[in-house]
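Read-outs: derived from the displayed coordinates by stated rules, not from any lab. Please read all numbers here as calculations on a predicted model, not as lab measurements. Reconstructed Cβ throughout: ideal geometry from the backbone, glycine too, with neighbour counts over all protein chains shown.
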Amino acid sequence: MNFHQMISLIPLIDHIQVASSALAVTSSPCKYQLVIVRQGHLTLHFAGHEPIICSQAYACHPDQGDYTIQVPRTKIVDYVIITYTMLPEDHHWTLQGHLTTLSEIKIHYMLDEIIRRTQDHDPLTVWEDTTHIMRMRMMLERILFIYLHESDLTHEKKSASESIEGTISYINEHYMLELTLPMLARRAGMSVGHFTVLFKKMTGTTLMSYLYALRIEKAKIMFLQTDLLAKEIASRVGFIDYFHFSKVFKKKTGYTPSEYMTGHTKI
């Protein structure tokens with residue numbers, strides 16, 4: 001699969017389904033499906049083929065026929081099935097199989113927007129309807145682009161050090177978001193154990209210690225350059241709980257947030 005096929009094709013969303021349990025899915029001619037896992041993992045079963053375990057996304061082609069989705073009994077699973085059409089229909093669209101991404105957060109944001117818009121039942125004017133269709137089309141095209149591009153990237157062989165360096169760059173840019181060890185390890189293409197050892201070897205510290213130190217440095221800058229309340233700053237640098245933020249701040253700086261604000265002059 002490559003980008004050349006997308007140049008002359010227009011993706012249009014036909015239907016979107018949010019699910020968290022087992023499901024039997026019917027395949028239709030010229031209708032493609034994108035299964036996107038938002039939490040946990042699931043297993044796809046196509047007749048005559050080995051079960052396929054999916055933790056990120058899978059592109060289903062109508063030639064594969066009907067299939068079922070199974071979810072683990074003891075795990076929470078959340079997934080979305082986007083059924084879409086490629087126009088013109090007589091053009092060849094071959095996307096099929098596992099898809100991986102380094103940008104799950106971006107895709108999930110777009111999914112939230114698509115779901116919200118498809119569930120909005122307020123009547124639309126002709127102009128609003130046209131705008132709605134165009135926006136949905138652009139978001140689906142963006143999602144497909146990300147999966148195509150980043151699936152190619154993850155298939156390239158990278159050294160372990162490059163993967164950790166990429167993770168560090170990602171943390172430095174997205175420190176304010178909810179970042180977990182399993183998510184970052186998967187992003188680097190490693191097991192949690194292997195990732196933990198290599199991260200500490202390259203940085204001299206653990207993942208969470210690195211992340212907390214970065215967040216506290218960002219918070220210190222905000223204390224000096226803004227008039228935001230401490231609770232607002234805590235939220236902006238990625239701490240959901242203010243008490244936890246205050247505890248980490250004291251450990252890293254020797255001051256409580258209020259002591260730091262009192263003892264340091266704003267720039």
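So, with +1 on the Cβ of K and R and -1 on the Cβ of D and E, and no other charges, what is the size of the charge dipole of segment 208-263 about its Cα centre, to the nearest 20 debye? Please report the intermediate quantities before stating the final value.
Values: 9 positive and 5 negative charges, 40 e Å.
With only Lys, Arg, Asp and Glu charged at Cβ, the dipole is about 200 debye.
Please work out the Cα convex hull volume for segment 4-155 and give it in Å³ per residue.
Numbers: hull volume 19.2 nm³, N = 152.
Taking only Cα atoms, segment 4-155 has a hull volume of 126 Å³ per residue.
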Give the share of C-alpha pairs in each 5 angstrom bin for segment 207-267, from 0 to the last occupied bin, in whole percents, shortest bins first. 4, 21, 35, 27, 10, 2, 0
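Sort segment 1-80 into rounded, prolate or oblate with this rule: let a ≥ b ≥ c be the square roots of the eigenvalues of the Cα gyration tensor; rounded if a/c is under 1.5, and if a/c is not under 1.5, prolate when a/b is larger than b/c, oblate otherwise.
Values: a/c = 1.91, a/b = 1.60, b/c = 1.19.
Here segment 1-80 falls in the prolate category.
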For 54, 30, what's the fewest-to-most ordering of other Cβ within 10 Å of each Cβ? 30, 54
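For segment 119-267, just run the numbers: alpha carbon Rg, then divide by 2.2 N^0.38 Å, N being how many residues it has.
Details: Rg = 20.8 Å, N = 149, 2.2 N^0.38 = 14.7 Å.
Expressed relative to 2.2 N^0.38 Å, the Cα Rg reads 1.41.
Taking Cα pairs under 8 Å and at least six residues apart, what relative contact order does segment 177-266 come out at, in percent?
On the way: 60 pairs, mean separation 19.4, N = 90.
Rounded, it is 22 percent for segment 177-266.
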Work out the length of the dipole vector of the chain about its Cα centre, built from +1 on the beta-carbon of each Lys and Arg and -1 on the beta-carbon of each Asp and Glu, and round it to the nearest 20 debye. 1480
Pairwise label distance in nanometres, residue 68 with residue 217, each label 7 Å out on the Cα-Cβ vector: 5.3
Fewest Cβ neighbours within 10 Å first, please rank 134, 176 accordingly. 134, 176
Using +1 at the Cβ of each Lys and Arg and -1 at the Cβ of each Asp and Glu in the chain, identify which of 33, 249, 149 lies farthest towards the dipole's positive end. 249
I need the fraction of alpha carbon pairs in the chain separated by more than 24 Å, rounded to a whole percent. 60
Links exceeding 22 Å between C-alpha atoms in this model, out of 75/201; 75/247; 220/252, come to 75/201; 75/247
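Find the relative contact order for the chain and round it to a whole percent, using C-alpha pairs within less than 8 Å whose residues are 6+ positions apart. Intermediate values should be presented prior to the final figure.
Working: 347 pairs, mean separation 41.8, N = 267.
Dividing the mean separation by the residue count of the chain yields 16 percent.
Just add up the charged neighbours of residue 86: K/R +1, D/E -1, any other residue whose Cβ is under 14 Å from the Cβ of residue 86.
Working: positive: 31, 137; negative: 14, 63, 89, 90, 141.
Summing Lys and Arg as +1 and Asp and Glu as -1 gives -3.
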From fewest to most C-beta neighbours within 10 Å, the residues 141, 50 line up as 50, 141
Per the Kirkwood definition applied to all pairs of different Cα atoms, how many angstroms is the hydrodynamic radius of segment 160-204? 10.4
